[in-house]
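To start, the structure itself, in structure tokens.
The values are calculated or read from the model by the stated rules, or taken from the named source; none is laboratory data. Everything numeric in this text was worked out from a predicted model, so none of it was measured. Because the Cβ atoms are built from the backbone with ideal geometry, glycine has one as well, and the counts that use them run over all protein chains shown.
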Amino acid sequence: MTSSMQPDRFSYDNRIVKYFAIATIAWGIVGMTVGLLIASQLFHPQLNFSTAFTSFGRLRPLHTNAVIFAFVGNAIFMGVYYSLQRLCKARMFNDLLSRLHFWGWQLIIVLAAVTLPLGATTSKEYAELEWPIDILIAVVWVVFAINMFGTIFRRRERHLYVAIWFYIATVVTVAVLHIVNSFEIPVTLLKSYPLYAGVQDALVQWWYGHNAVAFFLTTPYLGLMYYFLPKAANRPIYSYRLSIIHFWTLIFLYIWAGPHHLLYTALPDWAQSLGTVFSIMLLAPSWGGMINGLLTLRGAWDRVREDPILKFMVVAVTAYGMSTFEGPMLSLKNVNAITHFTDWTISHAHVGALGWNGLLTFGILYWLIPRIWSTQLYSRKMANAHFWVSLLGIVFYTSGLYWAGLTQSLMWKQFTPLGTLMYPNFLETVLQIQPMYMIRAVGGLLYLAGTVLMVVNLVKTTRRGTFLAEEHAEALPLDRHAAGWTDFRHRWLEKRPIQFTILALVAVLIGGIVEIVPTYVVKTNIPTIASVQPYTPLELHGRDIYIREGCNTCHSQMIRPFRSETERYGEYSKAGEFVYDHPFLWGSKRTGPDLHRVGGKYPHLWHYLHMNDPTSMSPGSIMPPYPWLLTNDLDISTTSAKIDALRKLGVPYPLGYDARANEDLRAQAEAIATDLHNNNVPADPGKEIIALIAYLQRLGTDINVQRPQ
């Protein structure tokens, strides 16, 4: 670069940063409030309000989507739009694309907030939104990618700083995850069936689900950490070489770890073992990032004691280290046998969500808002109070659920000296952990109260300042012909964003290909069972109602090969039993008992009364009632479309069966209604409850097994 070059004068766009900051705060309050409500429903079921739209099963995915994609998602974009401009010494590529990205993302969130309470859900964890919204997500993500890479290509800084590496990995990997996991056949505007079924669907979903945590909740936040933590501490990052090792090993190893969510299930053993091995190895690069962050503050610990922003960031990075230590430990089979399906997993997830994502977001907001409003933070005392209230909330939240998880697991597995289950009634375990659920709700309330305190502080901060919409800057133009950095290969790679992106994409594709492809090309991975048949039309409608009401959020359909589970539920689950399940419904949490062998266990009358008022059959139950199922008419106008879609996916319905499917549906419904009539219940065969009963009575009956009495 020659000395004769004159600096370019330009300005940074702070408007888009402001928009995303406001959205982050607003949706954070919404997501946390819904979370507090559903946490309270678990010890005070009356808060379900006996309406479809406020039941736990429908609100739980609303909470997770609001926190992950609305609160955290907007925070990511806020941080990226602020930091990328300054790291590249360039305004964002296109202001119109910035606005389209912002409003498109908010539209996605609003559509999620409307459709999920209406019951429009795919049931797949962190991917519940239906196919039209999936398409919109892809379009908005492409807009973001064009804007981000356009900015990188027009940069005035040759060096791609560490934060940008993580942004690039996030953009390309989230795109791959979303597209692969969202292959589905539409049935109606708000209903689809996934391309995958059973074991394959479970593998793809948790390849997506675990890596949604990796590449939406982790890698972009590591990028934000690498920018905002050194800025807040006014110190350089501890180790550039450690950041290189940390980055490449993290993105390569993370993508393999998804199967550790499926240990002891019907997933092939080799896939479970791969997930475990790579999860253990993942500890090293994860802690590399934590160490790099914490050691950046070496020599500045006196400031940490006084500066609330650094307090938030230090504890956030520590929470990242804790959750990334716990994750590999939970992937060990002997540990997983104790913790899986319990509230321990919920606590583990919230160490990352409340600690890593939440506290780092708060620290960034406290640092960022005063700067773009050209003022000082209104009250450091309020920020310090927010920190301690939030930290106390996290302690209450996680400690309560850790004890709840241990209590559940030990009670589920406890036998008497005579060799029988000590607690055969699942409800006994639910009642024992009610105090822990109350402690969790107190923690959530404290965390929400701290967030409200932050809102007050930041609003007062903005009122005392003046918003700097256009922040003027200048920098020398990039001399793209200048030689240099040939002594270090990674430096060579950093000045070539296209090659960098391709290499990152290859690194994350390898694990997914190795794990997923063999389940399709090697038939012995998914052995078939001749007696397993497709669902009848009435059972299919019942299954869709089960999905709509979010029953899979509390009930698993996967009996693991443990004596405690086979004694309680019956024969362990086989891979071949799920070959026609679009989607799979193995579940990830047991707030209620497993239902895979519930078919035939109870008479139709029991299910009818249980769905209308769970406490009538199970005194003390915390399950919400579903009275609308007894009055809602079953919509059979979509039967033909559902059968046709599933035939295209390989379900062996006879050719032309879609035209006569409703005849079989009515006959089966009449048989169930007649049985209820014989038990003095004037049931209407055209109601949704009949279809749900048909589905529940089918579960686990395709193979001849002995069920516990």
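Here are the numbers for this structure:
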read-out	value
Condition met for PHE43 (out of contact with any Phe, Trp or Tyr (no Cβ under 7 Å at 6 or more places or on another chain), over 22 Å from HIS178 (Cα atoms) and not in a helix (DSSP H, G or I))	no
Selection within the stretch 245-258 - part of a helix (DSSP H, G or I) and either crowded, with 17+ Cβ neighbours inside 10 Å or of a type in the set (Phe, Trp, Tyr) (or both)	HIS246, PHE247, TRP248, THR249, LEU250, ILE251, PHE252, LEU253, TYR254, GLY258
Selection within the stretch 619-635 - surrounded by 18 or more Cβ atoms within 10 Å (Cβ to Cβ) and in a loop (DSSP other than H, G, I, E, B)	SER621, ILE622, MET623, PRO624, PRO625, TYR626, LEU634
One residue from LEU222, LEU203 being in a helix (DSSP H, G or I), in contact (Cβ under 8 Å) with a residue 60 or more places away in the chain, crowded, with 22+ Cβ neighbours inside 10 Å and in contact with an Asp or Glu (Cβ under 8 Å, 6 or more places away or on another chain)	LEU203
Check on GLY358, within 29 Å of PHE77 (Cβ to Cβ), surrounded by fewer than 24 Cβ atoms within 10 Å (Cβ to Cβ) and small (Gly, Ala, Ser)	no
Total residues in the stretch 10-42, condition under 24 Å from the mean Cα position of the chain (by Cα), surrounded by fewer than 19 Cβ atoms within 10 Å (Cβ to Cβ) and more than 17 Å from LEU448 (Cβ to Cβ)	1
Residue in the stretch 81-101 that is of a type in the set (A, V, I, L, M, F, W, C), touching a residue at least 60 places away in the same chain (Cβ under 8 Å), within 22 Å of VAL176 (Cα to Cα) and crowded, with 19+ Cβ neighbours inside 10 Å present	no
Residue within the stretch 273-288 that is over 27 Å from PHE584 (Cα atoms), surrounded by 22 or more Cβ atoms within 10 Å (Cβ to Cβ) and hydrophobic (A, V, I, L, M, F, W, C) present	yes
Boolean, SER323 is in contact with a Ser or Thr (Cβ under 6 Å, 6 or more places away or on another chain) and touching a residue at least 12 places away in the same chain (Cβ under 8 Å)	no
Any chance ALA645 is assigned to a helix (DSSP H, G or I), modelled with pLDDT of 95 or more and surrounded by 20 or more Cβ atoms within 10 Å (Cβ to Cβ)	yes
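Here is a yes/no grid of residues against (1) assigned to a helix (DSSP H, G or I); (2) over 14 Å from ALA23 (Cβ atoms):
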position: ALA66; (1), (2): yes, no
position: GLY73; (1), (2): yes, no
position: VAL80; (1), (2): yes, no
position: LEU84; (1), (2): yes, yes
position: LEU87; (1), (2): yes, yes
position: ARG99; (1), (2): yes, no
position: ALA112; (1), (2): yes, no
position: GLY119; (1), (2): no, yes
